Amino acid sequence: MRISEVSEHCNISADTLRYYERIGLLPPVHRNDGGNRDYSDLDVRRVLFIKCMRSAGLPIETLIEYYGLVQQGDLTIKARKEILIEKRAELAARMDELQKTLDLLNYKINVYENALVEKEQELADPEG
């Protein structure tokens, strides 16, 4: 796939893809005869994984560490798993906090909806 296709498919800018390659988060992408990047299916899957992990809050440094371990082979499986377990725990804690925030917002909205209904009823029945 060309960089524009990967960019569209993954909803990530071409500049970001080039940046990830430049800093070593993506391995050097194969170039076609014209010198243009030609992303493989594995490259695209890696981009999608990186995007997912970034949206979950993983810093680029952690992803670089993770992919450094991947390149070292199967002897690093335990270390890679530990990184993911740690980040999963952090994400779960963040999700709990977000759920509490959502619950509070829903409560406040409900309070205001009830207040509006009461005001509307008062206005509809001024003697009430």
Matching residues in segment 13-22 (over 11 Å from Val44 (Cα atoms) and surrounded by 12 or more Cβ atoms within 10 Å (Cβ to Cβ)) number 6
Helices (runs of 4 or more DSSP H) wholly inside segment 31-128 containing at least 2 residues that are among the small types (Gly, Ala, Ser): 77-124
Pull out all pairs, ordered by first then second residue, where Cβ-Cβ is under 7 Å, the residues are six or more apart or on different chains, the first lies in segment 65-93 and is of a type in the set (A, V, I, L, M, F, W, C), and the second is not in a helix (DSSP H, G or I). Leu91/Ala56; Leu91/Gly57
Is it the case that some residue within segment 32-52 is under 20 Å from the mean Cα position of the chain (by Cα) and either at positive phi or touching a residue at least 60 places away in the same chain (Cβ under 8 Å) (or both)? no
Selection from segment 70-95 of residues that are among the hydrophobic types (A, V, I, L, M, F, W, C) and either at pLDDT 95 or above or within 17 Å of the chain's Cα centre (by Cα) (or both): Leu75, Ile77, Ala79, Ile83, Leu84, Ile85, Ala89, Leu91, Ala92, Ala93, Met95
Checked segment 30-87 for anything under 22 Å from Ser4 (Cα atoms) and either small (Gly, Ala, Ser) or open to solvent by 100 Å² or more (accessible area, probe 1.4 Å) (or both); matches are His30, Arg31, Asp33, Gly34, Gly35, Ser40, Asp41, Leu42, Arg45, Ser55
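Just to verify a result, which residue in segment 96-112, among those that are open to solvent by 100 Å² or more (accessible area, probe 1.4 Å) and among the charged types (D, E, K, R), is nearest to the chain's Cα centre (by Cα)?
We begin by selecting, within segment 96-112, every residue open to solvent by 100 Å² or more (accessible area, probe 1.4 Å); these are 97-98, 100, 104, 107, 112.
Right, trim to among the charged types (D, E, K, R) and you get 97, 100.
Values: Glu97: 17, Lys100: 20 Å.
Among residues in segment 96-112 that are open to solvent by 100 Å² or more (accessible area, probe 1.4 Å) and among the charged types (D, E, K, R), the one nearest to the chain's Cα centre (by Cα) is Glu97.
The values are calculated or read from the model by the stated rules, or taken from the named source; none is laboratory data. It should be emphasised that the depicted structure is a prediction, and the values quoted were computed from it without experimental measurement. Cβ coordinates were reconstructed from backbone atoms using ideal geometry, including for glycine residues, and neighbour counts include every protein chain displayed. Note: areas computed on protein heavy atoms with side chains; ligands, DNA, RNA excluded. Shrake-Rupley method; radii C 1.70, N 1.55, O 1.52, S 1.80 Å.
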